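**Q** If you scroll down you'll find the structure; I have some questions about it.
The values are calculated or read from the model by the stated rules, or taken from the named source; none is laboratory data. Keep in mind it's a predicted model, so treat the numbers as computed, not measured. Here the Cβ positions follow ideal geometry from the backbone for every residue, glycine too, while neighbour counts run over all protein chains shown. To get the accessible areas, we keep the full protein, side chains included, count just its heavy atoms, and leave off ligands, DNA and RNA. Shrake-Rupley method; radii C 1.70, N 1.55, O 1.52, S 1.80 Å.
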Amino acid sequence: MNKKMWLIIMSLLILTTSCFSEVSKPMSIKKAEQLLGKNKFDVKAFQTGDYKIRAKMAVDLITSKYYIGKPFADVKKDLGGHDGYFENDAIPAYILTDKTSKVVWQLVFIPDDKWEKVRSVEIRKN
Amino acid sequence: MRKPFFLLLWILIFYNFTIKPLSASNMCEMWFEESNIKPGTDSCELECSALRTGMNTFTCTKECKKLCTTAIPRRKLDKYVYFNTLTLSEKNLVSKYPVEALIVYMAKEEAIESTKINFGINGQNDESDAFRHFMWAAIMTKKLGQETTKKFLDAHENTPEQSNNEKVMDLYNNNQGIAAALKITKSLGFRSELEKEGLELIKNKKLKVIRSSH
């Protein structure tokens, strides 16, 4: 196999892995605390608040593991309709930063394999 | 000579990320992982053998000893894509059509990127949502044909978490995308033609939207 062929194979592999890893970087809790602040999570305030209010509660919502293991359907019941998008329209994703900024962050609720319970809550790019 | 080689390479890469994690022993690992039983504890084996099994996991109780003594590595695919965010119907399609699934994934990324460029965000139930579905369906149709596209798109909507209203909106906009892809015959500049068509339909309120962002 010549050099050119190897180069093509390596590029393909890099392209594939970079494409797959594109979605795999949630914002760290440390960075989220610095960027968004940390207020106590309150269901009602989150449901009625705008993105700025939601953003401040995101870190506490994650670190308290408030929704982990709870029924997946409870998220929308508690927090209301979502305004972001992550992988599937049925996954609740709430915008946390200004929608007109270059990078928009959102709070995402990931279901378990059967879509019954909340597996994790993360801050990801919209 | 080169074509079969690249096809084989893609299949190998995709197998490693999708089919392999769904093999029988991985199924048991997933089944055990979901039970939240802690490996290494005295009661692990007993609790494991009493766990409920299903169609794909009915032999898993035989592996309890092994599952209780070895740490389960995180599934490979989980490191790269959120396999959990696929609906059950989508997971079945990925296993059945791995190569096409990769194209579906790429088409989705392209649709998300195009929506971001044209609307600033990827929203929910608004114009950006309608446009994303339109683009995704159209790009897939161009690459996979109408029949396979419909299979993947319908599987994507197969979740009880979405309201009927939302499903009707998504399916309508998907169909508009499929129709547009069949209409635009030229390959060169396909995406820009498609974007133009999608934006025109949005402007003329020909795509379904539940909550307008304007």
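**Q** Which residues, taken from region B:81-107, are free of Cβ contacts under 8 Å to residues at least 40 places away in the same chain, open to solvent by less than 20 Å² (accessible area, probe 1.4 Å) and farther than 21 Å from A:E122 by Cα?
**A** B:A107, the sole residue that qualifies.
**Q** Okay, moving on. Does at least one position in region B:118-133 carry a residue that is touching a His at 6+ places or on another chain (Cβ under 9 Å), modelled with pLDDT under 90 and not in a helix (DSSP H, G or I)?
**A** no
**Q** Which condition does A:Y85 not pass, out of (1) under 14 Å from the mean Cα position of the chain (by Cα); (2) open to solvent by 50 Å² or more (accessible area, probe 1.4 Å), if it passes all the others?
**A** (2)
**Q** I've got another one for you. Give just the number: which of (1) basic (K, R); (2) touching a residue at least 12 places away in the same chain (Cβ under 8 Å); (3) within 12 Å of another protein chain (Cβ to nearest Cβ) does B:K151 not satisfy?
**A** Going through the list (1) basic (K, R); (2) touching a residue at least 12 places away in the same chain (Cβ under 8 Å); (3) within 12 Å of another protein chain (Cβ to nearest Cβ), B:K151 breaks only (3).
**Q** If you go through region A:53-71 one residue at a time, do you hit one that is open to solvent by less than 60 Å² (accessible area, probe 1.4 Å), within 14 Å of chain B (Cβ to nearest Cβ), within 18 Å of B:N84 (Cα to Cα) and without any contact (Cβ under 8 Å) to a residue 40 or more places away in the chain?
**A** No: zero hits.
**Q** Just the residues that are open to solvent by 40 Å² or more (accessible area, probe 1.4 Å) and either at the interface with another protein chain (Cβ under 7 Å from one of its Cβ atoms) or among the basic types (K, R) (or both), please, taken from region A:88-116.
**A** Within region A:88-116, A:K99, A:T100, A:K102, A:K114 meet the criteria.
**Q** Pick out the one residue from B:L7, B:L46 that is modelled with pLDDT of 70 or more, more than 21 Å from B:L144 (Cα to Cα), among the hydrophobic types (A, V, I, L, M, F, W, C) and open to solvent by 60 Å² or more (accessible area, probe 1.4 Å).
**A** B:L46
**Q** In the set B:K186, B:K208, which member is open to solvent by 40 Å² or more (accessible area, probe 1.4 Å) and at pLDDT 95 or above?
**A** Going through B:K186, B:K208 in turn, the sole match is B:K208.
**Q** Ok, one more. What are the residues in region B:150-183 that are among the hydroxyl-bearing types (S, T, Y), assigned to a loop (DSSP other than H, G, I, E, B) and open to solvent by 10 Å² or more (accessible area, probe 1.4 Å), if any?
**A** Residue satisfying the conditions is B:S163 alone.
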